[in-house]
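K.L.:
Sharing a structure with you now.
The values are calculated or read from the model by the stated rules, or taken from the named source; none is laboratory data. None of these values were measured; they are calculated from a predicted model. Here Cβ is always computed from backbone atoms with ideal geometry, including for glycine, and neighbour counts include all displayed protein chains. These accessible areas exclude ligands, DNA and RNA; they are computed on the full protein's heavy atoms, side chains included. Shrake-Rupley method; radii C 1.70, N 1.55, O 1.52, S 1.80 Å.
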Amino acid sequence: VTRRLGLQRLDMGELLTVPGSRWVVARTTDTTVPEGKLFVAPLASLGRPGTPWRRLATEADKVVEVELQGDALYVMTQAGTPRRKVVKVDLARGQVEGAPVVVAEPKDSVLEGIALTPTAVIASVRHGTHVTLRRHERGDLTGRALPVPALGTSWVASAPAQDSEILLTAFSGWTEPPRWLRVEGERFTDVKLGEQGLPIHLQQGLPEVVVTEVDVPSHDGVLVPMTILHKKGLVLDGRNPVLLDGYASYGSSISAYFSTETLAWIERGGVAAFINPRGSGVHGDAWHRAGFKTTKSNTWKDGIAGAKYLIAKGYGSAKTMGITGTSAGGIFVGRAVTEAPELFAAAIFNVGVMDAVRAEDSANGVTNISEFGTVKDPAEFKALLEMSTYHAIQEGTAYPGVLLVHGLNDPRVDVWHSGKTAAALQAAQARVP
């Protein structure tokens, strides 16, 4: 209703306030990409006619995350810094552009998130599938690593971070059940918050798992990170069942996490492989943009390269290779299977985007134009057609066995994606010579 702010149809808004701050920050995004608009106003003016909103940032500032504290707004941005940095905006008169840097762009990792204590910025830093924490005191642009039990994924709870230097963090890893940690200075201790993790007798029965991190050369020579998990002592003779999992959209990356399903698979002799193709954010914004709209084909070609690597190294074979993807990961799994069906014995299309051309016309479709493109743009239409599994199905082709999972009332990916793809695959398979 405040037309002078220049909001668009897809600008979904939120208001941010915190105790002790006299400001209210308004942030908008299209719900799909984080970049949007930022405004600030005195908290006391909220709800009154003519609230004096002042613009802090536009989409060009590429704001990823914000945290409010007192008279300052801490902003994580990827404008000109694809691995991201954090700046501190003076809310009385400053803007994101030109604001002083308080957390520098990492050289060999990516900033994933931030939290604030009374005197420091706590940065979540991604190294492949692992996310660690770094504490940045005032004036310390590089920060220092906080202790963690092992390699895995750590996140800071939103409370009591603003009010205390003692942190409450969540931790999990490929072989580490979820746990809560109290981090104080250089020490961490376990915190029991009700029933959590696995009972001790089940933890003692877990298989011993080998975790291998590799960089796989893709179709164009670019190295793609993949994590491989299997039971210790497993013979790599090409006969093991393999499940390759990928997502690679919106800059979202697969992180190390504890999964009883994965461990059950491994316990029975299976190999689990998790890949972060282009389209994910494992190496920052540039990696995301390299699997985005007209470059989206890199996503499934990276997945195909991962499958070829697993076969070449003896983890499995085309007779034992499975692949899976969920939601937007339907593009990853669907196009890998339709471009290289000879590599796979089975595939799981889990609530997948299967018809990228028609997806724009669905209830949730318009918000995804910023990630995948629009049929109204000739170049983007061609890219949508190329990333559409349904349109890539060829009659007379022997496709692997496919399980299509969906909910009839799914509000994000309409069920017809799976329905029409199942019909097309059945028709194509029926005409195999």
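K.L.:
Being more than 22 Å from residue 407 (Cβ to Cβ), touching a Lys or Arg at 6+ places or on another chain (Cβ under 7 Å) and open to solvent by 20 Å² or more (accessible area, probe 1.4 Å) is the filter here, so list the residues in the range 344-373 that pass it.
P.N.:
Answer for the range 344-373, where residues must be more than 22 Å from residue 407 (Cβ to Cβ), touching a Lys or Arg at 6+ places or on another chain (Cβ under 7 Å) and open to solvent by 20 Å² or more (accessible area, probe 1.4 Å): just 345.
K.L.:
Take residue 315 and tell me if it is assigned to a loop (DSSP other than H, G, I, E, B), of a type in the set (Ser, Thr, Tyr) and in contact with a strand residue (DSSP E or B) (Cβ under 6 Å, 6 or more places away or on another chain). Break it down into steps so the answer makes sense when it comes.
P.N.:
On the way: assigned to a loop (DSSP other than H, G, I, E, B): yes; of a type in the set (Ser, Thr, Tyr): yes; in contact with a strand residue (DSSP E or B) (Cβ under 6 Å, 6 or more places away or on another chain): yes.
Yes.
K.L.:
Condition (residue is open to solvent by less than 10 Å² (accessible area, probe 1.4 Å) and either modelled with pLDDT of 95 or more or more than 24 Å from residue 244 (Cα to Cα) (or both)) applied to the range 389-408: is it met by at least one residue? Please lay out each step first, then the result.
P.N.:
Of all residues in the range 389-408, those open to solvent by less than 10 Å² (accessible area, probe 1.4 Å) come to 389.
Retained after the next criterion (residues that are either modelled with pLDDT of 95 or more or more than 24 Å from residue 244 (Cα to Cα) (or both)): 389.
There is at least one residue in the range 389-408 that is open to solvent by less than 10 Å² (accessible area, probe 1.4 Å) and either modelled with pLDDT of 95 or more or more than 24 Å from residue 244 (Cα to Cα) (or both).
K.L.:
Please work out which one of (1) part of a loop (DSSP other than H, G, I, E, B); (2) within 18 Å of residue 140 (Cα to Cα) is the condition residue 86 fails and give its number.
P.N.:
Failed condition: (1).
K.L.:
Quick check on residue 286: is it closer than 27 Å to residue 105 by Cα and assigned to a helix (DSSP H, G or I)?
P.N.:
Values: closer than 27 Å to residue 105 by Cα: yes; assigned to a helix (DSSP H, G or I): yes.
Here the answer is yes, as residue 286 does meet what is asked.
K.L.:
So, in the range 86-99, how many residues would count as being open to solvent by 50 Å² or more (accessible area, probe 1.4 Å) and within 27 Å of the chain's Cα centre (by Cα)?
P.N.:
2
K.L.:
Here are the criteria: (1) in contact (Cβ under 8 Å) with a residue 12 or more places away in the chain; (2) within 21 Å of residue 83 (Cα to Cα). Tell me which single one residue 215 does not satisfy.
P.N.:
Status for residue 215: all satisfied but (1).
K.L.:
Kindly indicate which of 11, 108 is within 22 Å of the chain's Cα centre (by Cα), of a type in the set (D, E, K, R) and open to solvent by less than 50 Å² (accessible area, probe 1.4 Å).
P.N.:
Values: 108 fails: open to solvent by less than 50 Å² (accessible area, probe 1.4 Å).
On inspection, the qualifying residue turns out to be 11.
K.L.:
Another question about this same structure. How do the pairs read when you match residues in the range 325-352 that are in contact (Cβ under 8 Å) with a residue 40 or more places away in the chain with residues anywhere that are open to solvent by 10 Å² or more (accessible area, probe 1.4 Å) and among the acidic types (Asp, Glu), using Cβ under 7 Å and keeping only pairs 6 or more apart or on different chains?
P.N.:
351/410
K.L.:
In addition: Report, by residue number, each residue of the range 288-302 that is touching a strand residue (DSSP E or B) at 6+ places or on another chain (Cβ under 6 Å) and more than 21 Å from residue 375 (Cα to Cα).
P.N.:
302
K.L.:
Regarding residue 24, is this residue open to solvent by less than 80 Å² (accessible area, probe 1.4 Å), over 15 Å from residue 75 (Cβ atoms) and β-branched (Val, Ile, Thr)?
P.N.:
Values: open to solvent by less than 80 Å² (accessible area, probe 1.4 Å): yes; over 15 Å from residue 75 (Cβ atoms): yes; β-branched (Val, Ile, Thr): yes.
Answer is yes for this residue.
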